[in-house]
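Below is one structure, written out as structure tokens; the observations come after it.
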Amino acid sequence: MDTLSRRWRWLAAIFVLSFAVLGWIGHEIYLSKPPIPAHIVSQSGQIVFRGGQISQGQSAWQSAGGQQLGSVWGHGSYVAPDWSADWLHREIIGLRDMLAQKQFKQAFVALNADDQAAIMARVKREMRQNRYDAATDTLTVSDERALVIAELAAHYRGLFGQDPKLNDLREDYAMMPDSIRDASDLQALPAFFFWSAWAAGTDRPGEKNLSYTSNWPHEPLIGNTPTAGTGMWSIASVILLIAGIAAMLCYHSAHREDADPAAPEKDPLFSLKPTASMLATRKYFFVVIALIGLQVVMGIVSAHYSVEGQTFFGLPLGEILPFVASRTIHTQLGVLWIATAWLATGLYISPALSGHEPRLQTLGVNVLFWALIVVALGSLACGWVGTQERLGSSFAFWLGNQGLEYTSMGRIWQIGLFIGLLLWLLLMGRALWPALKTPGESRGLIAMVFLSAMCIGLFYASSLMWGQHSHYSMIEYWRWWLVHLWVEGFFEVFATAVIALIFSKLGLVHTRTASAAIVLETIVFLFGGILGTLHHLYFTGTPTAVIAIGAVFSALEVVPLALIGLEAFAMYRRSKAAPWVAAYRWPILCFVAVGFWNLVGAGLLGFAINPPIALYYVQGLNMTPAHGHTALFGVYGMLGIGLMLFCLRGLYPRELWQDKPLAIAFWSLNIGLAMMVFMSLLPAGILQAFHSINTGLWYARSAEIIQSPLMHTLVWLRVPGDIVFSVGALFLAVFAVGLLRKTQRQPQGELAAENISN
């Protein structure tokens, strides 16, 4: 007990100190973020962009789809360009050609090598020199550069408008005409793209060859290449990873866990009688399965748009469901159904653990269900309406699509979801309270479940920390609090604690051992995971300290994953402990799959892109969705499905259970995911990485590469994996329909006399 208490103190200290550092980094980002000039003028005094247009242009881009329509500073989707890299390269080429004509009366390509070098030296000096005057809040550019900016502004207004000369390019980018209809927003859009490129290419005050984005993107024409710190901290991260794995293996060898106990002769949970509130969670799980099916459909449609930008096998689907809408729905559903599965699991296990059914608990479970339905359907419908009707930035921010990946729902729906999470926390807390008050070996595990639930409920408030006109660097800072800490952090702690409780209640692990192990695992995970959030922020207008801290701690995130394979093997071994354990075969195999994808998706593919030098070249390329699909679905999705199956096992008579559709669903989902990633996404990412390293990010994301025959082939190679994966989702639905069609267990108001929490 002394060791366990000491671990709890260590966990509290790491939690507080890590968030203190993360908060300090946020303050530093706020102080050193790229300035937004009130005025951008030419040397002759002509106004290039007026004050406020940069912020307005950012909101306009977000209302048009934002990170679902290309990316800025590498964060977003992958069919349209990264607009900051695209603008930067176009501006360099335009300025180069204009200076060549002005000085030599010839095209740049017609000049000899010496003259070309002289022109490029002048271009580099012009692009890298920081002419922002903080005293007057004014950015000054040369007259030649101002003319190039005006030409580029016309190009982007035509692209996001309806210039017929750009129809082919729009189709390549999976864009629809009139992406922005408001004339004022369309005028302001180029100001934001210019500013994002200016911050990426100009030197920070007092620095040489170091831009606000640490020289990202790769653009060798003006010396935008990796900094020394990017390379050195990458080397340090690899060394720390090896050292961390060695330390973990040494600790694991020196502190071997107790052997698993002999399995009970009978299933300890067989006599559990669900309460009315537990039975009320059944509808959550059927909604989860329906959302999985819809997400699969939206994923297939979105992937196809990278070949046919506005049609689906010749059908003009883009007119009613453009790429922006389908991808928004696809990414948003991924978070919604996984979260719903875990929330329902919490509501199911809380009365089971405590043996206590609070008054009006069933009413609360039902109210929360319909509130989640309203938020899910309302946010998806309003997002589609906003995208279809182009209703402007205010509608997009408050009700429609904020244009931020994985956090796209409008602010009203975010507030509604936050309130729903607080209600969920209240329902769990009041049901768990008797178990939390009762001394016993299980109390530590139950406390971890409740504490992680508290973090899930409270930390969703990070989605409310930015406003409609917040600085883009600060939006990215808070967005990753939500995406990384909320989804990848506290939900994982919650699910891990629930799995430990399940195995302990089944009598397959010692409760004392599970309690100690879960606290240690949480310490190790959060030690790297909280500050590991910063690896998403290397190149988003942040200070260079972010690269140092993010590189170190994101490497440490991978350390516990090195032993995940052993844990997965141990879970599989426990599934053979006694004949009755076969009743939990598919939930347990889902947990085994989580271990596999944690190692492969979160570990190998994650670390392949996390070091600064790697992310410098591959941020915004298909290497990221290769990691994202295996981590989000392979880890968190399979966790959600495993927890769902465990709960459904207790909510329906066992004679209604059908193993065959579950077997097909399990293997199809996992094999299809592997095919999708290793036959299509990963090879496409490697192809793009080659061009990013060799030429520049702008080229890796250009229509020339995205629409090349080889890239099209790699996209079509995704079809076999999509088909196999879809079969898995279909048979999961078949299993659910089988439960619904047969006689269901009648609601029980009381638990069995035997309290499983004892």
Subject >> Long-range amide H partners of Val48 with built H, under 5 Å >> reply: Ile40, Val41, Ser42
**OP:** Please figure out what share of the DSSP beta bridges in the chain is antiparallel and state it in percent, rounded to the nearest 5.
**Re:** 65 percent
Original post:
Rg and Dmax of region 385-430 over Cα atoms: what are they, in angstrom?
Top reply: 13.6, 45
Original post:
Computed FRET efficiency, Cβ-Cβ of Arg512 and Gln46, R0 56 Å: what is it to the nearest 0.05?
Top reply: 0.15
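Relative contact order for region 191-271: what percent, with Cα pairs under 8 Å and sequence separation of 6 or more? Walk me through the intermediate numbers first.
Details: 46 pairs, mean separation 11.1, N = 81.
Across region 191-271, relative contact order equals 14 percent.
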Subject >> Alpha carbon convex hull of region 392-469, projected area averaged over orientations, nm² >> reply: 5.7 nm²
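Pulled fully out, how much extra length does the chain show between Ala703 and Leu604, if you take 0.36 nm times their separation in residues and subtract their Cα-Cα distance?
Values: separation 99, 0.36 × 99 = 35.64 nm, distance 2.94 nm.
Stretched fully, the Ala703-Leu604 segment lengthens by 32.7 nm.
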**OP:** Return a whole-number percent for the relative contact order of the chain, with Cα pairs under 8 Å and 6 or more residues apart as the contact set.
**Re:** 19 percent
Original post:
Using mean Cβ contacts within 10 Å as the protection proxy, how do 460-472, 534-546 order, highest first?
Top reply: 534-546, 460-472
**OP:** Could you state the angle between the C-alpha long axis of helix 491-505 and the longest principal axis of the C-alpha atoms of the chain, as a value from 0 to 90 degrees rounded to the nearest 10?
**Re:** 20 degrees
Original post:
Taking Cα atoms, how many degrees apart are the long axis of helix 718-741 and the longest axis of the chain, rounded to 10 and kept between 0 and 90?
Top reply: 30 degrees
Subject >> Dipole-positive endmost among Asn215, Leu166, Tyr477 within the chain (Cβ charges, Cα centre) >> reply: Tyr477
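How would you rank 664-672, 47-55, highest first, on the average number of other Cβ atoms within 10 Å across their residues? Mind dumping the intermediate values first?
Numbers: 664-672: 20.6, 47-55: 18.4.
The densest-packed peptide leads the list: 664-672, 47-55.
Report, as a whole number in µm² per second, the diffusion coefficient that Stokes-Einstein gives for region 485-642 at 25 °C and 0.890 mPa s using the Kirkwood radius over alpha carbon pairs. Intermediate results must be reported in sequence, preceding the final value.
On the way: Rh = 16.4 Å.
Estimated via Stokes-Einstein, D reaches 149 µm²/s.
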**OP:** Evaluate the distance, in nm, between pseudo-label points positioned 7 Å from the Cα of Leu111 and of Ile242 along their respective Cα→Cβ axes.
**Re:** 4.6 nm
**OP:** Measure off 7 Å from each Cα along the Cα-to-Cβ vector at Asp260 and Asp178, then give the distance between these two points in nanometres to one decimal.
**Re:** 6.3 nm
**OP:** For region 349-409, go through all pairs of different Cα atoms, get the mean of 1/r, take its inverse, and jot down that Kirkwood value in Å.
**Re:** 13.7 Å
**OP:** Over 19 Å between C-alpha atoms is what I'm after, so list which of Lys266/Lys505; Lys273/Lys660; Lys102/Lys124; Lys283/Lys505; Lys33/Lys208 land there.
**Re:** Lys273/Lys660; Lys283/Lys505
Original post:
Which length gain, in nm to one decimal place, applies between Phe678 and Phe104 when the Cα-Cα distance is subtracted from 0.36 nm times their residue separation?
Top reply: 201.6 nm
**OP:** Work out how far the C-alpha atoms of region 227-383 reach from end to end along every principal axis, then list the three figures in whole Å, largest first.
**Re:** 61, 58, 29
**OP:** Grab the alpha carbons of region 359-511, take their convex hull, and tell me the volume per residue in Å³.
**Re:** 121 Å³
**OP:** Taking amide H positions as placed in the peptide plane 1.01 Å from N, state which residues far from Asp82 in sequence (5 or more) or on other chains have amide H under 5 Å from it.
**Re:** Ser71
**OP:** Could you check how much of the accessible area of the chain is carbon and sulfur, as a whole percent, using a 1.4 Å probe?
**Re:** 66 percent
Original post:
Listed highest first by mean packing, meaning other Cβ atoms within 10 Å per residue, what order do 101-107, 60-66 come in?
Top reply: 60-66, 101-107
Subject >> Tail beyond 18 Å, pair distance distribution of region 53-150 (Cα, percent) >> reply: 59 percent
Subject >> Whole-Hz ³J(HN,Hα) from phi, Karplus 6.51 cos²θ - 1.76 cosθ + 1.60, for region 352-360, glycine and proline x >> reply: 5, 6, 9, x, 10, 10, x, 5, 6
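Sorted from largest to smallest, which semi-axis lengths in Å does the alpha carbon gyration tensor of region 211-275 give for its equivalent ellipsoid, taking the root of 5 times each eigenvalue? Let's see the in-between values first.
Working: eigenvalues 556, 101, 10 Å².
Each semi-axis is the square root of five times an eigenvalue, giving 53, 22, 7 Å.
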**OP:** Summarise the long-distance tail of P(r) for region 550-637 by giving the % of C-alpha pairs beyond 23 Å.
**Re:** 32 percent
Subject >> Probe 1.4 Å, protein heavy atoms only - accessible area per residue of the chain in square angstrom >> reply: 37 Å²
Subject >> For the chain, the fraction of alpha-carbon pairs in successive 10 Å shells from zero, as % >> reply: 3, 14, 24, 25, 18, 10, 5, 2, 0, 0
**OP:** Pick out, from Ala729, Gly76, Ala199, the residue whose Cα sits farthest towards the positive end of the charge dipole of the chain, with +1 on the Cβ of Lys and Arg and -1 on the Cβ of Asp and Glu.
**Re:** Ala729
**OP:** Run a plain Debye calculation on region 671-735 (Cα atoms as equal point scatterers, no solvent) and give log10 I(q)/I(0) at q = 0.14, 0.22, 0.26 Å⁻¹, rounded to two decimals, same order as the q list.
**Re:** -0.48, -0.83, -0.99
**OP:** Calculate the spin-label point distance for Leu315 paired with Lys660, positioning each point 7 Å from the Cα along the beta-carbon direction, and give it in nanometres.
**Re:** 3.1 nm
Original post:
Taking the alpha-carbon set of region 122-239, what are its Rg and Dmax in Å?
Top reply: 17.6, 54
Original post:
Fully extended, how many nm does the chain gain between Ile235 and Leu730 (0.36 nm per residue separation, minus their Cα-Cα distance)?
Top reply: 173.7 nm
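The values are calculated or read from the model by the stated rules, or taken from the named source; none is laboratory data. Because the structure is predicted, anything quoted here is derived from the model rather than measured. Cβ coordinates were reconstructed from backbone atoms using ideal geometry, including for glycine residues, and neighbour counts include every protein chain displayed. These accessible areas exclude ligands, DNA and RNA; they are computed on the full protein's heavy atoms, side chains included. Shrake-Rupley method; radii C 1.70, N 1.55, O 1.52, S 1.80 Å.
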